[in-house]
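What follows is one structure encoded as structure tokens, with my remarks underneath.
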Amino acid sequence: MTTPVTWTKRWTFILAAAGSAVGLGNIWKFPYIAGENGGGAFIAVYLLCILAIGIPTMMAEAMLGKAGRANPIVAIRKLSLNDGKSNAWSWLGGLGIVTGIMIIMFYSVVGGWALDYVAQSATGAYANANPELTKANFAALLDSKTTQIIGHTLFILLNVVVIGFGVRRGIGIASEILMPLLILILLVLVGYAAVNGDIQGALAFMFNVDFSALSGEAIIVAMGHAFFTLSIGMGSIMVYGAYMPENACVGRSVLTIAAMDTAIALLAGLAIYPLVLGNGLEPGAGPGLMFETLPLAFGNMPGGLIFGTAFFLLISIAALTSAISLLEPAVAWMEQLCIKRWISTSIIGVIAWVGGLASIYSSDVFNFLDYATANIMLPLGGFIIAIFAGWVLRRVTVRKHLSSISMTTFNTWYIAIRFLAPIGIIVVFINGILGA
Ligand code: TRP
């Protein structure tokens, strides 16, 4: 087996992992699921899950990858055997690989929508748009299977090319330049929305917390999204952690990534809700929310053609840097079976492509993949990661691999990963099943 490459610089891990975390989950999914689940209380639970469950689990995942220095299946097996435990824990890696492929099967379809919106913005399809026009535009896209297939195919091809070349030069450098640009345009949009939309209403919608309106189901969705948005529970962060140089600090990197990811999701909300509320649109409109609202801003602001095109280009790139991290664990695993990287990537690409077709033709498949992965498989993966890091591996082993954080931080994390995270996940599930 070849030893995995490492990132070029110490902070390339931060960029790549942030590239993985920041994606469609932040700008497309978060505003629409928070909208469907009533806003404030949902967002409060989501933030709580990020803090109490997400960040500790992300630290565990990055640590396991860095310590195991291989794809998730091999890394877990190695660590488990080293501590005299069963090699059956490596199934955790297998679960993650399957989950990643299931996610890409709908994620890539949305990536394709984003690509289509690049073309639409560039050709001025929503100049002077009103809410009726932007709604009709999105509905037309959903109606046209051909357009969706073109976008989806292009998106998968881009993934195959980037992963085929290896992550080192492509992703690292792209994330470095494009992330700041994405944030900049998002800030412009927030400014536009504040001036032209209903910012007061949006703030109330996002931050007025009324827990009585919160269903058990909504709590599951909030927790599932905490996993989804941080890219944890399936091995993306683990495999990226495996490429970390020895001297990089897991703790500080993870905090930076989680902070960036959360800030971008909240900014997306502040860009979208004022326009939704100011234009008589529905926050609970579902997956079309971003595609129906942002064109309103771009269609009516000076330089909207350029801003709009740039924005959808950036979101496509953000989606791409996330999507490759969904595929990388599978590719790294196949590579270690001595299948060449290009061939592994192409095989996984074809599987993802076929699955994506199913999502295009059936919204039931799309919804099932989205729901089952985020709300069941990722929390399950996170639960097993927490048990493995907190209870299966020996404390000295874990401490050795998290040696750059202070003893106090380590102890806090250790309590979180042993108790807070697993119990939190179970409580949310029980609560959801009981329909509380
Ligand atoms: N976090 C990404 C987003 O928000 C999606 C993603 C990439 C992901 N890798 C993942 C989600 C691993 C879950 C697990 O768009």
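The values are calculated or read from the model by the stated rules, or taken from the named source; none is laboratory data. Every value quoted in this text rests on a predicted model; they were computed, and no experiment measured them. Reconstructed Cβ throughout: ideal geometry from the backbone, glycine too, with neighbour counts over all protein chains shown. In case anyone asks, the SASA skips ligands and DNA or RNA and just uses the protein heavy atoms, side chains included. Shrake-Rupley method; radii C 1.70, N 1.55, O 1.52, S 1.80 Å.
Here GLY166 qualifies as surrounded by fewer than 23 Cβ atoms within 10 Å (Cβ to Cβ), in contact (Cβ under 8 Å) with a residue 60 or more places away in the chain and on the phi > 0 side of the Ramachandran plot.
Is the range 209-219 home to any residue that is closer than 20 Å to ALA263 by Cβ and either surrounded by 24 or more Cβ atoms within 10 Å (Cβ to Cβ) or small (Gly, Ala, Ser) (or both)? No: the range 209-219 contains no residue that is closer than 20 Å to ALA263 by Cβ and either surrounded by 24 or more Cβ atoms within 10 Å (Cβ to Cβ) or small (Gly, Ala, Ser) (or both). The residue pairs whose first member lies in the range 367-382 and is among the hydrophobic types (A, V, I, L, M, F, W, C), whose second member is buried (at least 22 other Cβ atoms within 10 Å of the Cβ) and not in a helix (DSSP H, G or I), and whose beta carbons are closer than 8 Å, counting only pairs six or more residues apart or on different chains, are MET377/GLY233; MET377/MET234; LEU378/ILE232; LEU378/GLY233; LEU378/MET234; LEU380/GLY233.
Among GLY356, GLY390, which is the only one that is under 30 Å from ASN82 (Cα atoms) and in contact (Cβ under 8 Å) with a residue 60 or more places away in the chain?
Details: GLY356 fails: under 30 Å from ASN82 (Cα atoms).
The match here is GLY390.
Summed over the range 370-379, residues that are more than 12 Å from the ligand (Cβ to nearest atom) and either open to solvent by less than 10 Å² (accessible area, probe 1.4 Å) or among the aliphatic types (A, V, I, L, M) (or both) total 2. Identification of helices (runs of 4 or more DSSP H) wholly contained in the range 242-351 with 1 or more residues that are open to solvent by 10 Å² or more (accessible area, probe 1.4 Å) and of a type in the set (Lys, Arg) yields 250-278.
Taking the criterion of being surrounded by fewer than 23 Cβ atoms within 10 Å (Cβ to Cβ) and not in a helix (DSSP H, G or I), the only residue of the range 17-59 that qualifies is GLY38. Given (1) open to solvent by 60 Å² or more (accessible area, probe 1.4 Å); (2) farther than 19 Å from LEU24 by Cβ; (3) of a type in the set (A, V, I, L, M), identify the lone condition not met by ILE199. With (1) open to solvent by 60 Å² or more (accessible area, probe 1.4 Å); (2) farther than 19 Å from LEU24 by Cβ; (3) of a type in the set (A, V, I, L, M) applied to ILE199, the lone miss is (1).
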